[in-house]
Amino acid sequence: MKISVIQLPVFMGNRQHNLQQMENMLAKAVTSKPDVVVLPELWNTGFYPKPIKKFADLDGDGIKKTMSSLAAKYMVNIVAGSVPVNRNGDVYNTSYIFNRSGELTAAYDKVHLFSPAGENRDFTAGNKITVFTLDGVKCGMAICYDVRFPEYIRKIALEGINVLFLPAAWPIERVMHWDTLTRARAIENQLFVVAANGISDPDEGDFHLGGHSAIIDPWGEILAQGSSDNLAGEIIEAKLRLGIQAQIRATIDVFQDRKKELY
């Protein structure tokens, strides 16, 4: 499975600009014929303009139509990062996943909302994990702050996934945490982690997205990584050798050796 991660340059509150940038970079990404293209968290708005409800897509209809059309046009699976979605008056931080035919395969509402930034006051939290299949490969979803909860990522891993997709809007100030946590989740769960962060100009507001998107294998090896200073954005790519997951788990079988009676 070949993965392309679009490390999008995100402009706060400028949905039209962000959408155009995404479409331009997606058109470039598909020239290398990836199986899956991945976008960052809140790529269309930034993290995040207020009041967020003003920027939220009603029932996700607009974004679903756009991303479905693009997935079908390029015949590529798209993990469409996340966007703010207004459902019945509540705003969710929602990820949509589309297959090569443009069909909506799955959706995920971010479970752990980043309370230090007040996300828990402006968004409604999701309450379930999301597992889906792309091209026969079992995948799971988490968003940004979710990665700080290893018990939650382990719960997803126990569903037997091969790949965890992790869109984020992670700040440059804590990019070391991002690098460490994404590798740790890959190593301890012996799965591939595809972590897609945005990038932003430090002169464009107080929240500076730190880049460092990464594609990580089950040994914790970084197969591809974005920079933290390319404000034009970039595309990182890697091919996942899915067969190594079984080899690694046969070598160090942490799932068999778990003490389920204790934790």
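Things worth noting here:
- Meets criteria (surrounded by fewer than 18 Cβ atoms within 10 Å (Cβ to Cβ) and under 22 Å from I63 (Cα atoms)) for D135: no
- Number of the condition not met by L19 [criteria: (1) hydrophobic (A, V, I, L, M, F, W, C); (2) crowded, with 24+ Cβ neighbours inside 10 Å; (3) within 17 Å of I199 (Cα to Cα)]: (2)
- If you go through the stretch 166-211 and keep only what is in a loop (DSSP other than H, G, I, E, B) and of a type in the set (G, A, S), you end up with A169, G198, S200, G205, G211.
- In summary, no strands (runs of 3 or more DSSP E) completely within the stretch 54-137 bear 3 or more residues that are of a type in the set (S, T, Y) and more than 21 Å from P34 (Cβ to Cβ).
- Tabulated pairs, the stretch 73-101, first buried (at least 24 other Cβ atoms within 10 Å of the Cβ), second in a strand (DSSP E or B) and among the polar types (S, T, N, Q), C-beta under 6 angstrom, 6+ apart or interchain: S82/N93; S82/T94; S82/S95; V85/T94; I97/T105
- The C-beta contact set for the stretch 203-219 (first residue free of Cβ contacts under 8 Å to residues at least 40 places away in the same chain and surrounded by fewer than 22 Cβ atoms within 10 Å (Cβ to Cβ), second residue part of a loop (DSSP other than H, G, I, E, B) and among the hydroxyl-bearing types (S, T, Y), distance under 8 angstrom, 6+ apart or interchain) comprises H208/S200.
- Residue match in the stretch 160-173 (condition: within 25 Å of I97 (Cβ to Cβ), more than 17 Å from the chain's Cα centre (by Cα) and surrounded by fewer than 20 Cβ atoms within 10 Å (Cβ to Cβ)): yes
- Condition check for V30: under 13 Å from I235 (Cα atoms), more than 15 Å from the chain's Cα centre (by Cα) and not aromatic (F, W, Y): yes
Coordinate-derived values only; no laboratory data. The model shown is predicted, which means the values in this text are computed figures rather than measured ones. Cβ: placed from backbone, ideal geometry, glycine included. Neighbour counts: every protein chain shown.
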